[in-house]
Structures are given as C-alpha cells and as structure tokens.
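So the structure is just underneath, and the comments pick up after that.
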Amino acid sequence: MKKRTVLLFLVVTTILLTACSEGRDISSVETAIFGHWVSESEDPELGDTHYYISGEKFIMVDGGTKSIMDYTVSSTNEEEKWIEIITEGKKGSGSLVRRLEFANDDMTKIVYPIKMSDVIVSSDRADSKDTQELFDFAENVLGETEIKSTWKYVDGLTEPKK
C-alpha cells in the first residue's frame with residue numbers, strides 16, 4: 001500500500017510539473033530569443049523597455065510607444081551562446097545590428113551591448129546632410145563607447161497584451 005501511494009505521488013508530481021512548465025525551447029539561440037523580455041530602467045521616469053520576439057517579428061514597447069520591426073538572423077554562435085540579428089526600421093529608416101548574448105545557462109538573461117557602429121542608416125537617409133551631421137556628432141562624442149543593457153526573460157508572449 002505504501003509503495004502504491006509513493007508511486008502515485010511521484011506520477012502526479014511528474015504530471016503537474018510537466019503541465020506547469022512553459023515548454024520554452026532553448027535548444028538553440030535562434031529559438032531561445034523567442035518570448036517576452038524586459039530591460040529594466042534605473043530611472044523610474046523613463047520606465048522599462050519590453051521586447052517581444054517571435055520567428056518573424058521584433059516588437060519593442062518603450063515609453064508607451066510600440067515599434068514593430070522585421071528582423072533577420074545574421075549570425076549565431078551556439079557554443080558562446082549569442083545571436084546577432086538585424087532589425088529593420090520603418091519605411092526605410094535604417095537598421096540596427098543587435099548582438100544578443102545569453103548570460104546564463106538557462107538562457108533567461110541577455111546582455112545587449114550597442115555601439116554607434118551598430119546603426120545602419122538607409123541609403124535614402126544617409127544622403128541627407130542632417131543625418132550625416134547627426135551621426136558625425138554622435139560618433140565624435142561617443143566614439144566606440146559601448147553601452148550595455150540587460151534583458152530578463154518574462155514569459156512566452158510574442159506580442160503585448162491588448
């Protein structure tokens with residue numbers, strides 16, 4: 001009788017744990033980025049930035065503004081646990097190279113370093129004197145300064161709730 005009770009307990013526990021797990025696929029860096037991520041701001045006035053990533057779209061919600069972008073995977077490294085994607089801005093505004101580096105084995109934390117050289121300006125805007133002056137100024141001020149943000153995995157949502 002005791003064996004049956006223990007066996008029943010183990011079976012029920014296994015079923016409950018399986019049912020409660022989200023089933024997130026972290027078998028590759030390409031699928032591990034899917035879901036809802038948050039970059040917490042140190043400044044409460046700025047608020048946090050939320051990212052929702054699916055196989056097709058990259059959605060960023062920042063300061064109440066929702067930006068939906070297409071993205072392509074430009075390179076990956078499974079051993080070092082990073083993926084480089086290029087997000088495409090709206091209406092030919094340009095692109096941004098994002099190298100997302102997983103910082104832990106369960107792939108729930110991403111470190112995202114960005115430099116001015118990661119910004120790719122569209123040819124339409126690159127010809128603009130104002131755009132060129134802005135980028136020249138930013139490069140003179142920032143140089144190759146790298147700014148890092150940390151993203152934490154929230155859940156499996158690939159788009160914000162309405």
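The values are calculated or read from the model by the stated rules, or taken from the named source; none is laboratory data. Quantities reported herein were computed from a predicted structural model and do not represent experimental measurements. Glycine gets a Cβ as well: all are built from the backbone with ideal geometry, and neighbour counts include every protein chain shown.
Here are the numbers for this structure:
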{"quantity": "Every residue from region 77-94 that is among the polar types (S, T, N, Q) and within 15 Å of the chain's Cα centre (by Cα)", "calculated": "Thr87"}
{"quantity": "Considering residues of region 27-63 that are of a type in the set (Ser, Thr, Tyr) and in a loop (DSSP other than H, G, I, E, B) only, the residue farthest from Thr76 (Cα to Cα)", "calculated": "Ser41"}
{"quantity": "Subset tally (residues that are modelled with pLDDT under 85 and among the small types (Gly, Ala, Ser)) for region 14-37", "calculated": "3"}
{"quantity": "Positions within region 65-91 being exposed (fewer than 12 other Cβ atoms within 10 Å of the Cβ), touching a residue at least 12 places away in the same chain (Cβ under 8 Å) and farther than 15 Å from Val29 by Cβ, in sequence order", "calculated": "Lys90"}
